[in-house]
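A.B. asks: I have a structure here, written as structure tokens, and I will follow up with some questions on it.
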């Protein structure tokens, strides 16, 4: 018996960007897999919300309502990300070489959110953001050395 189809159109391909998962090493340390995965999520959230604050702050000042709003949201995201980063660093069995840059990133994220709360100007914020980027790179390299990624 033939099958009838109401619509012969083929569904269009999904336009979303497809990203292949990065393979992990066969020797990946289990603690590093967990810690680095959680740390990666912290980085993503912090980058998004701090980026929004940074964009709103460019060419403006703390008196701008948009800056005030994004400052509050950015500080909240940094506070949460710093907590996730320190929890990641405290994962049982995690090698200190992986944990140390996560701790440094958490400390610098806390420093940045305090500067934002105290309304410290841009150059100081940029310096701390650069420190955080360096910490993130160090953590990502340590995760890679442990056979996983952040």
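The values are calculated or read from the model by the stated rules, or taken from the named source; none is laboratory data. Only a predicted model underlies this, so the values are computations on that prediction, with no experimental measurement involved. Please note: Cβ atoms are built from the backbone with ideal geometry, for glycine as well, and neighbour counts cover all protein chains shown.
A.B. asks: Filter region 112-124 down to the residues that are in contact with a helix residue (DSSP H, G or I) (Cβ under 7 Å, 6 or more places away or on another chain) and surrounded by fewer than 19 Cβ atoms within 10 Å (Cβ to Cβ), then identify the one that is modelled with the lowest pLDDT.
C.D. replies: 122
A.B. asks: Criterion first (under 13 Å from the mean Cα position of the chain (by Cα) and either surrounded by 19 or more Cβ atoms within 10 Å (Cβ to Cβ) or closer than 24 Å to residue 33 by Cβ (or both)) does residue 135 satisfy it?
C.D. replies: yes
A.B. asks: Sort out which residues of region 43-73 are within 16 Å of residue 133 (Cα to Cα) and without any contact (Cβ under 8 Å) to a residue 60 or more places away in the chain, and write them in order of number.
C.D. replies: Scanning region 43-73 gives 44, 45, 47, 48, 49, 51.
A.B. asks: Just wondering, is there one or more residues in region 49-61 that are at pLDDT below 95 and either under 16 Å from residue 106 (Cα atoms) or in contact with a strand residue (DSSP E or B) (Cβ under 9 Å, 6 or more places away or on another chain) (or both)?
C.D. replies: Yes, some residue in region 49-61 is at pLDDT below 95 and either under 16 Å from residue 106 (Cα atoms) or in contact with a strand residue (DSSP E or B) (Cβ under 9 Å, 6 or more places away or on another chain) (or both).
A.B. asks: Next up: Identify, from the list 71, 90, 38, the residue that is buried (at least 16 other Cβ atoms within 10 Å of the Cβ) and either touching a strand residue (DSSP E or B) at 6+ places or on another chain (Cβ under 6 Å) or modelled with pLDDT of 95 or more (or both).
C.D. replies: 38
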